[in-house]
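The values are calculated or read from the model by the stated rules, or taken from the named source; none is laboratory data. Please read these numbers as outputs of a predicted model, since none were measured by experiment. Cβ placement follows ideal geometry from the backbone for every residue including glycine, while neighbour counts extend to all protein chains displayed. The protein model used for the area step is the full one, side chains on, heavy atoms only, and it has no ligands, DNA or RNA in it. Shrake-Rupley method; radii C 1.70, N 1.55, O 1.52, S 1.80 Å.
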Amino acid sequence: MSHGTSHVYISHLKEHVGQTVTIKGWLYNLRSSGKLMFPELRDGTGIVQGVVSKKAVSEKVWQDFETLTQESSVIVTGEVTKHPKLENTFELQVSDAEVLQVAQEYPITPKEHGVEFLADQRHLWLRSKRQWAIMRVRHELVNAIRDFFNERDFLLVDSPILTPNAAEGTSTLFELDYFDLGKATLTQSGQLYGEASALAFGKIYVFGPTFRAEKSKTRRHLTEFWMVEPEMAYYNLEMNMDLAEEFIEYIVQRTLKNRMEELKILERDVSKLENIKRPFPRISYDEATKILERKGVAFEYGNDLGAPDETVISSEFDRPVMVHRYPKEVKAFYMKRDPENPAVALCVDMLAPEGYGEIIGGSQREDDYEALLTRIKENELKVEDFAWYLDLRKFGSVPHAGFGLGLERTVAWVCGLEHIRETAPFPRMIHRLTP
Ligand code: 4AD
Ligand code: MG
């Protein structure tokens, strides 16, 4: 691999126009016409078209390209030139090449494949242009999430993944044996630890993987997904909603600013994302049910909103809508009741536009010891497992609130994807554990 020229990543080619550089990558595609060949090369940072002219290369290099298969690994040297017609596009006038491996017949070709086939080939599917774009949008969103909270003096607190208690109901727990201590579960949410941390550090966020043994086989559910959960001492529900809308505006606008190329590859209608500016509409559960009634949707008052209901409600708005104050029965035990109407919880769900469903769930937390103890018992949770959580209501209890944003649902919405399976590098679903 001794080439006299310097190795450059494709994303940096524009800084090397007129120079001879070396690219280390793979063959993405190859077109040829007579005495010219046009290999598309990818190196993970981008794709560049090479131009191989029979006159300009050795007989060996010409023959190598003639036999090169899709995804063969190759090191290519050439001069960087500006594309004759396209702005901001560069080409490589190939002068030399070294083939590392001629790939076997690659299972994913430019033709259409079924989704199950592609999902089985996920370890290879990740190399395609579309998956490249999605993973880079995901990366941008993760960084935007971190920057938003870091810039606002939130402390990052990592919550444990192995836990003794259920944070979000007992029906979706993954259980495992934990030495002499009996059963442990994989965390469904870092929130309870987030609350302890907020009382220690004021404003915090938890950001990590969470697990739900979801029986539902929908295009919105994974069994393993990432959640970011801010939690703030001395915050009520209104302040929580203010933060949530500022947060969503920030991460969407940041992605628009930095990832236009990727969104273009995904053919995303970015005008829909440009709309995502504060203020977002806020409606109560009661108002949401009136929309359903007006639209002729069969819905029983008091039930939780299902995915189809959410789609109808969100289609009334051109930006995310915050639905607050659901009946307490359909929400988690830790949510504070509205003092003005104890039948409802001080909670909020944010529904993404264009039918992408709930991306945020949050609430003001129950801060009264007796009320929380009663709720834990009513929910048939083990009081001893929650002793530490109850302590937070004994030692300097304060109003506090927080929310959780599902990363993959957000990626699906921002990228405009049909199914959540493409938002994680190696998604986990009820019927999929490989690759
Ligand atoms: O509404 P959820 O269940 O809320 C909580 O877990 C709270 N403890 C959060 C908090 O207040 N700190 O989940 C929050 C978000 C949902 O709005 C959704 O975006 C995502 O997590 N989510 C899922 N994403 C993918 N697959 C699943 N199975 C998901 N379940 C929830
Ligand atoms: Mg929820």
Residue check for residue 343: in contact with a Pro (Cβ under 7 Å, 6 or more places away or on another chain) and either surrounded by 22 or more Cβ atoms within 10 Å (Cβ to Cβ) or at negative phi (or both): yes
Within the set of pairs 6+ apart or on separate chains, which have a first residue in region 32-49 that is among the basic types (Lys, Arg), a second that is in a loop (DSSP other than H, G, I, E, B), and C-beta atoms under 8 Å apart? 35/54; 35/55; 42/127
Could you list all residues from region 407-426 that are assigned to a helix (DSSP H, G or I) and of a type outside the set (A, V, I, L, M, F, W, C)? 408, 409, 410, 421, 422
Test for residue 147: is it in a helix (DSSP H, G or I), loosely packed, with under 15 Cβ neighbours inside 10 Å and in contact (Cβ under 8 Å) with a residue 24 or more places away in the chain: yes
Could you check region 330-354 and list, in sequence order, the residues that are within 12 Å of ligand 1 (Cβ to nearest atom) and not in a loop (DSSP other than H, G, I, E, B)? 330, 335, 345, 347, 348, 349, 350, 351, 352
Select, from 404, 357, the only residue that is within 11 Å of ligand 1 (Cβ to nearest atom) and on the phi < 0 side of the Ramachandran plot. 404
Of the residues 320, 281, which single one is within 26 Å of the chain's Cα centre (by Cα), open to solvent by less than 60 Å² (accessible area, probe 1.4 Å), within 15 Å of ligand 1 (Cβ to nearest atom) and farther than 23 Å from residue 168 by Cα? 320
Boolean, residue 372 is closer than 16 Å to residue 191 by Cβ, part of a helix (DSSP H, G or I) and either touching a residue at least 12 places away in the same chain (Cβ under 8 Å) or within 16 Å of ligand 2 (Cβ to nearest atom) (or both): yes
Which one of these is open to solvent by 40 Å² or more (accessible area, probe 1.4 Å) and within 16 Å of the chain's Cα centre (by Cα): 193, 250, 178, 235? 250
Which condition does residue 406 not pass, out of (1) under 30 Å from the mean Cα position of the chain (by Cα); (2) away from ligand 2 (no atom under 16 Å from the Cβ), if it passes all the others? (2)
